[in-house]
Structures are given as structure tokens and as C-alpha cells.
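Colleague: Please find one structure pasted underneath; my questions will follow.
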Amino acid sequence: MATLSPIEIKEALVDVRKAHRLLFEYQRRIMDVMYFVQDKLRFPSNLTGNRLFFDPIRYVRSSYGQFNVHEIWAWDFIYSYIFEFYLGSKTCKKEGRSFRCDLSVVEVSDTGYLESRELNKDFRETNSYLSPESASSVLIFMVQTKPEEVEENIWQDRFYVRCKVEEMFTDKKNELVEEKGDIVFCAKKYYISDFFNQRNAETTVQEFIELVKRNTGVEMV
């Protein structure tokens, strides 16, 4: 770490405080987007979430302040870098049959690591990332449709969604469709900026509805 003068340290800490407040406002907006999508697609469940690439901070034992801080990365403190929102499941129709739809939206606030082509890139070395100007901020919509009587579900595999996120960036895919009999998985990337405007958000959600209908035959709403 470069040696900073007292004035530079003071200015840097001002930036740190600004960054935390900006992240608060940003994440509050993201939560509004999740509730908007959930409402538009009529998923009634409470939102739940999952960290895909970093570990949640957990108690070592059920007492105050007992974290294994020495075992975690700095990214473990910043949940919003890459986070999966699970919007729940509901029954949809396809040709008179009942299908279950499960929906997740993965927030990727910075694609800099995932899009980097550095051979030795490392989550802990931000200089191995794509530059902030060259990277993006995206939401990845993921839905699985399956006959209700089928028990198999991708969310039973805690690594499935993470693997699909990596695959989409490694292979530079904006859209992903996989079929296994009557079970269909669809994923699509959208820029987060598309959801910070009401009209664009409405258009984007409608596009996703049509994508799911086109690839699965299921009517989501």
C-alpha cells in the first residue's frame, strides 16, 4: 500500500464515507427494483437471498462479536457486489397443464472480475479486474419451469446458479436456455440502468415475459 500524507488520508476517508452512503442509496434502489419485478410477475413469496461468490459472515458461536474475521475476504463484508435474490415460485399454465416457475435475479454490481481475461485474475486483487469504465452493472434473470409433479429443482444445488453466472460471462452469453425433458432453465442479462427508469423497467420485464413464453411455452402472468 502506498504511503499517504495526513491530508491524503483525510481526503481518502471522506471518499470512504461517501462510498458507503452511495452504496446504501444504490442498494435501496436495487431492493425497490426487486419488489417491482416481484409485483409485475406476481410472485407472492417473501424475498430471500444467497451469496454466490463470497461467504456470509456467521457467528462462530452464539455470542457477541465472535467472527472468524481472519478467515474472510474484504469482499465478504460487501454483500451487494454479487448477490442472488430469490423471488419465489408460483404455478403457471402451459397447454392446460400446471407448471411450477421459480425465479431468481442475480445482482452483479461490477462485472470487472467476471469479464476480466487476465490469466491469473483473483477476487482479492482488484488490479486484475476489467477497469470500472470498461465493466458493467447487470441483473441476470433466471427462471426454471417444470411440471408441478416433478420434484427436481435447480435450487436444490447451491452451486448451480453460481456456475451459470460464470458460464454466461466466460462464454460471453447474454442469454442462456437449457432443456431437460419438460424442465427448462432460462437466463438473460439486463443492464441495471434499464431498471432505473419506470418506462424502461416496464419494457424490460415485458421482454423477459416474452422470452420465457418463447422458450418454455409457459405464461408467467
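Colleague: Would you mind telling me which numbered condition in (1) crowded, with 22+ Cβ neighbours inside 10 Å; (2) within 16 Å of the chain's Cα centre (by Cα) residue 99 fails?
Modeller: Only one criterion in (1) crowded, with 22+ Cβ neighbours inside 10 Å; (2) within 16 Å of the chain's Cα centre (by Cα) is unmet by residue 99, namely (2).
Colleague: On to the next question. Can you pull out every residue in region 202-221 that is surrounded by fewer than 18 Cβ atoms within 10 Å (Cβ to Cβ) and touching a Lys or Arg at 6+ places or on another chain (Cβ under 9 Å)?
Modeller: 202, 206, 207, 209, 217, 219, 221
Colleague: Now for a different question. Does region 102-123 contain at least one residue that is more than 16 Å from residue 185 (Cα to Cα), in contact with an Asp or Glu (Cβ under 6 Å, 6 or more places away or on another chain) and either surrounded by fewer than 18 Cβ atoms within 10 Å (Cβ to Cβ) or modelled with pLDDT of 95 or more (or both)? Please lay out each step first, then the result.
Modeller: Just the residues of region 102-123 that are more than 16 Å from residue 185 (Cα to Cα), to begin with: 107-123.
Next, only the ones that are in contact with an Asp or Glu (Cβ under 6 Å, 6 or more places away or on another chain) stay: none.
No, because not a single residue in region 102-123 is more than 16 Å from residue 185 (Cα to Cα), in contact with an Asp or Glu (Cβ under 6 Å, 6 or more places away or on another chain) and either surrounded by fewer than 18 Cβ atoms within 10 Å (Cβ to Cβ) or modelled with pLDDT of 95 or more (or both).
Colleague: Right, another one. Could we say that residue 143 is at pLDDT 95 or above, outside any helix (DSSP H, G or I) and in contact with a Leu (Cβ under 9 Å, 6 or more places away or on another chain) here?
Modeller: Yes; evaluated as a whole, the condition is true for this residue.
Colleague: Here are some residues: 177, 165. Which one is closer than 22 Å to residue 101 by Cα, of a type in the set (Val, Ile, Thr), part of a strand (DSSP E or B) and modelled with pLDDT of 95 or more?
Modeller: Residue meeting the stated conditions: 177.
Colleague: Name the residues in region 195-221 that are free of Cβ contacts under 8 Å to residues at least 24 places away in the same chain and in a helix (DSSP H, G or I), would you?
Modeller: Scanning region 195-221 gives 198, 199, 200, 203, 204, 206, 207, 210, 213, 214.
Colleague: List every residue pair whose Cβ atoms sit under 9 Å apart, with the two residues 6 or more apart in sequence or on different chains, where the first one lies in region 135-146 and is without any contact (Cβ under 8 Å) to a residue 40 or more places away in the chain and surrounded by fewer than 22 Cβ atoms within 10 Å (Cβ to Cβ) and the second, anywhere, is of a type in the set (A, V, I, L, M, F, W, C) and not in a strand (DSSP E or B).
Modeller: Here the result reads 135/114, each pair linking region 135-146 to a residue that is of a type in the set (A, V, I, L, M, F, W, C) and not in a strand (DSSP E or B).
The values are calculated or read from the model by the stated rules, or taken from the named source; none is laboratory data. Just so you know, these numbers come straight off a predicted model, no measurement behind them. Heads up, the Cβs are rebuilt from the backbone with ideal geometry, glycines too, and the neighbour counts pull from every protein chain shown.
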